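Let me begin by presenting the structure, written as structure tokens, before commenting on it.
The values are calculated or read from the model by the stated rules, or taken from the named source; none is laboratory data. Just so we're clear, the structure is a prediction, and the values are computed from it rather than from any experiment. No Cβ is skipped: glycine too gets one built from the backbone with ideal geometry, and neighbour counts run over all protein chains shown.
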């Protein structure tokens, strides 16, 4: 999920900040960003809401935020 990393950096949010906000490990965020795993749908919805973007944008299916 390259978009997650892009959004995180645009908003000056660390992997640790995301982990703390979503009650997960920083390593989980890192694995999502490098494509080794994917968040579940509940977490995708929460991440999209957190960054105020659509899920389609977050997962790279759309360029419209």
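Just so you know, in the stretch 46-57 the residues that are in contact (Cβ under 8 Å) with a residue 24 or more places away in the chain and part of a helix (DSSP H, G or I) include one that is farthest from the chain's Cα centre (by Cα), and it is 57.
Within the stretch 21-45, residues that are more than 14 Å from residue 4 (Cα to Cα) have Cβ atoms under 8 Å from residues that are modelled with pLDDT of 95 or more and surrounded by 13 or more Cβ atoms within 10 Å (Cβ to Cβ) in these pairs: 21/50; 24/18; 24/43; 25/19, counting only partners at least 6 apart in sequence or on another chain.
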